[in-house]
Amino acid sequence: QTGDSGEVQQPPAHGRTMNPMGPGMMVMHGGQDSAAMAQMRDIHALFANHDRMTRTVTKLPDGIRTVTESNDPQVAKLITDHVASSRKQVETGIDPGLPIESPALRAIYAHYDKIVTTVEATEKGVVVVQTSTDPQVVAALQQHAAEVTAFINDGMAAMHKAMMKNGGMMQRPPTPR
């Protein structure tokens, strides 16, 4: 279902909304735009529904292979949409400065031109393979994959912990090289 705002919502019978982040709940800093705000709302919805997702990560010698899925079609769509938008950002090197970014994710944005990404849709989500010939980038890919898995395992508690590490606000992306 979508509400008037276009946000995906779960039927009330499930006891929570798919996108529980309301207006004004996040302060934007450093000239962040509405696309970053929308991305954070989607990420928030994924965290809120973490218990409806499964994820496996395989470390490859040159990167990672992840499978992230959900039996809930709305959550599966959130997963595929998030992967598509994140891939687009990484492939252009545009770091949105989200409040949950880690040094590993910032390294991925900084070295986007050293990463080869393939995405395969599944019936319930996506398979993502990311590789690099640069050992430091491989380490960043593997670290970020582990971080995302922790987010899926721990949900909102993991999101809040990551935000507090970053001062609880949107981060100003590093100046591009």
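The numbers here are math on the coordinates, done by the rules we state, and not lab data. The model shown is predicted, which means the values in this text are computed figures rather than measured ones. Counting neighbours? That spans all protein chains shown, and the Cβs are built from the backbone with ideal geometry, glycine included.
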Distance from a point 7 Å along Cα→Cβ of Thr118 to each backbone N in segment 127-165: keep the residues under 17 Å and list them by number.
127-133
Calculate the spin-label point distance for Glu91 paired with Lys161, positioning each point 7 Å from the Cα along the beta-carbon direction, and give it in nanometres.
3.3
Mean Cβ-within-10 Å packing, highest first, puts peptides 118-127, 91-100 in the order 91-100, 118-127
Given a Förster distance of 30 Å, the FRET efficiency implied by the Cβ-Cβ spacing of Asp62 and Ser34, rounded to the nearest 0.05, works out to 0.25
Going by the alpha-carbon gyration tensor, a ≥ b ≥ c the square roots of its eigenvalues, is segment 37-125 rounded (a/c under 1.5) or, if a/c is not under 1.5, prolate (a/b greater than b/c) versus oblate?
oblate
What shape does segment 88-158 have by the C-alpha gyration tensor, where a ≥ b ≥ c are the square roots of the eigenvalues, rounded means a/c under 1.5, and otherwise prolate means a/b greater than b/c and oblate the rest?
oblate
